[in-house]
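The values are calculated or read from the model by the stated rules, or taken from the named source; none is laboratory data. For clarity, every value in this text was computed on a predicted model and none was experimentally measured. Cβ coordinates were reconstructed from backbone atoms using ideal geometry, including for glycine residues, and neighbour counts include every protein chain displayed.
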């Protein structure tokens, strides 16, 4: 049988009672964070926050009711990327009047804080007591703490569930119905290039006391804000930003259905990958159930699965826990698990259990599942980061097109 004809299974499909309970808990948690942000302060904000919350609630409901984790995650993640671009670019080009981070704004530490800069901040803060990115200390400290906590708990899952930049190459990778270019197995130099880049920008940023990646290599300056163009060097920098974005975040992902920028060039992804061995949650492979059909290798958007990975029972440290491999596996041989919890693949849908399970026991099994705890937690993280951009982008579009 052709590999494209093999049926994959909705491995994480839950019963309706469990799905409703999970969704209700999500709405409660998300509403709590929205209240803290003033999301229900007025009629307009209440309505828009309610719409954004309803969208996220539908997504998490469908994740568990259909069992298609990656399919619905991609919709949420791509919508998040679009909302961020609309909100941020409208603020810079519209409200502020320009997409440039002016030198005077740099001087007075008025730049918006970005998580990708965190690896470049650590050495200057530790050894020079300097913040090399133009933000106040409180903003830098909060972002560093956020990256450390999320990294230790979820690791690179943040790259597939919470990064407002990562959703861009995810969007363009998801657009085509089929691959137009199939990359050959990557050489080690290519596979681990982002780790070398991470080491370089950490050391270079420390030696120059400037955020190297932000000034020279960040493709996402194209959809956020450039540095002020007031010299020929700045023209070159802007040219590099735009070319890298078109190539790594748009063109190559569209051709290959792989997240090229995220998996091969992003230093933050490499930084978070370094925590993969101590994350509370991970992805494992049941080596006995796996039939080596390689569909998961084909489906993985970050080049994290190879033949060696299947033999070892776990993906490479670059795994972003997106769920694409789980959804593609016809044997149900892959799944999310928690640190210290032995992993073994569960019975596939349609397999008859040895004993009949009562309603409450089935509900308990559905809820108390490492995969449910993982997906619920990381989806909360992503929703907290995305909700303000959902609300702001909807507000701006309504005001611009409908005058309301």
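Things worth noting here:
- Any hit, segment 164-172, residues being assigned to a loop (DSSP other than H, G, I, E, B) and crowded, with 21+ Cβ neighbours inside 10 Å: yes
- Considering only residues in segment 29-56 that are under 16 Å from residue 385 (Cα atoms) and free of Cβ contacts under 8 Å to residues at least 12 places away in the same chain, the one that is nearest to the chain's Cα centre (by Cα) turns out to be 54.
- Some residue of segment 318-336 being farther than 26 Å from residue 368 by Cα and modelled with pLDDT of 90 or more: yes
- Residue check: residue 296 meets all listed conditions (1) outside the structural domain of residue 307 (by TED's automatic domain parsing); (2) part of a helix (DSSP H, G or I) but one, namely (1).
- Test result for residue 196, surrounded by 20 or more Cβ atoms within 10 Å (Cβ to Cβ) and under 22 Å from residue 156 (Cα atoms): no
- Some residue of segment 57-78 being surrounded by 17 or more Cβ atoms within 10 Å (Cβ to Cβ) and over 20 Å from the mean Cα position of the chain (by Cα): yes
- Top-ranked residue of segment 277-303 - restricted to ones that are in contact with a strand residue (DSSP E or B) (Cβ under 9 Å, 6 or more places away or on another chain) and surrounded by 22 or more Cβ atoms within 10 Å (Cβ to Cβ), ranked as nearest to residue 155 (Cα to Cα): 282
- For residue 207, the test of being at pLDDT 95 or above and either in a helix (DSSP H, G or I) or not assigned by TED's automatic domain parsing to the domain that holds residue 131 (or both) is passed.
- Residue in segment 257-273 that is surrounded by fewer than 21 Cβ atoms within 10 Å (Cβ to Cβ), outside any loop (DSSP other than H, G, I, E, B) and either in contact (Cβ under 8 Å) with a residue 12 or more places away in the chain or assigned by TED's automatic domain parsing to the domain that holds residue 194 (or both) present: no
- Enumeration of residues in segment 60-74 that are in contact (Cβ under 8 Å) with a residue 40 or more places away in the chain, part of a helix (DSSP H, G or I) and either in the same structural domain as residue 176 (by TED's automatic domain parsing) or farther than 21 Å from residue 253 by Cβ (or both): 60, 61, 63, 64, 65, 66
- Residue in segment 31-44 that is touching a strand residue (DSSP E or B) at 6+ places or on another chain (Cβ under 7 Å), at pLDDT below 95 and buried (at least 20 other Cβ atoms within 10 Å of the Cβ) present: no
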